[in-house]
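Below is one structure, written out as structure tokens; comments come after it.
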Amino acid sequence: MKRSYQNRCHANLAGFTLIELMIGIAVAAILFGLAVPQFSTVTQNARMTSARNGLYAAMQLARTEALTRRVHVVVCASANGESCSASWDSGALVFVDTNRNRQRESSERLLTQFSPDSFKNLDVKGGRRLTSFGPDGRSGGSNQTLAFCAPGRADGLSVVVSNAGRVRMGKAVCR
């Protein structure tokens, strides 16, 4: 027995009704709404981790250069990428301090620098504006802790330099 033309056309159609599409869009919107706040947290964590890892690597580089070359090497906060400044929020420099005045002169070798964008939207807190490594790899003064905090967050990340010159990463409490 032959089916009519109208029955054959409707039998081959497979699709969604308007109500099924609306329910699917509503579920997708709810899932998207839940994912966006989590994405901003992931982005903040990535920025903090990247900034902390960069400064950790700079501290390690400074200590290694001081030990290898038997010279004084300074890691300091820098707003302009040329000289030391007071705030870690604005970037950092690593340079060989040949005259031991803890300020970069034009004749002193710049090892690396971080632009202000590295610390953008982060609060970088530190007790001192610089860390100096001597030819023996030691860092004079007291322990230096630099905390990386994102706005509105109670937890953060840190880089800690001991008097012996050991550089380590850790967690920080942000207030």
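The values are calculated or read from the model by the stated rules, or taken from the named source; none is laboratory data. Computed from a predicted model, the values in this text were never measured in an experiment. Because the Cβ atoms are built from the backbone with ideal geometry, glycine has one as well, and the counts that use them run over all protein chains shown.
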Does the stretch 5-14 contain any residue that is modelled with pLDDT of 90 or more and either more than 22 Å from the chain's Cα centre (by Cα) or over 19 Å from Gly127 (Cα atoms) (or both)? no
Condition check for Arg70: more than 16 Å from Gly165 (Cβ to Cβ) and touching a residue at least 24 places away in the same chain (Cβ under 8 Å): no
Given the structure, is Ala35 on the phi < 0 side of the Ramachandran plot, at pLDDT below 80 and in a helix (DSSP H, G or I)? yes
Looking at Ser132, Ser78, Ser85, which is the one that is modelled with pLDDT of 90 or more, in contact with a Ser or Thr (Cβ under 9 Å, 6 or more places away or on another chain) and polar (S, T, N, Q)? Ser132
Selection over the stretch 146-175 where residues are in contact with a Leu (Cβ under 7 Å, 6 or more places away or on another chain), of a type in the set (Gly, Ala, Ser) and assigned to a strand (DSSP E or B) yields a count of 2
Conditions: (1) surrounded by 13 or more Cβ atoms within 10 Å (Cβ to Cβ); (2) small (Gly, Ala, Ser); (3) modelled with pLDDT under 85. Ala62 meets all but one. Number of the miss? (3)
Which of the residues spanning the stretch 38-59 are closer than 20 Å to Phe133 by Cα, surrounded by fewer than 17 Cβ atoms within 10 Å (Cβ to Cβ) and without any contact (Cβ under 8 Å) to a residue 60 or more places away in the chain? Ala57
In the stretch 65-145, which strands (runs of 3 or more DSSP E) lie fully inside it and hold 3 or more residues that are surrounded by fewer than 22 Cβ atoms within 10 Å (Cβ to Cβ)? 110-114, 123-126
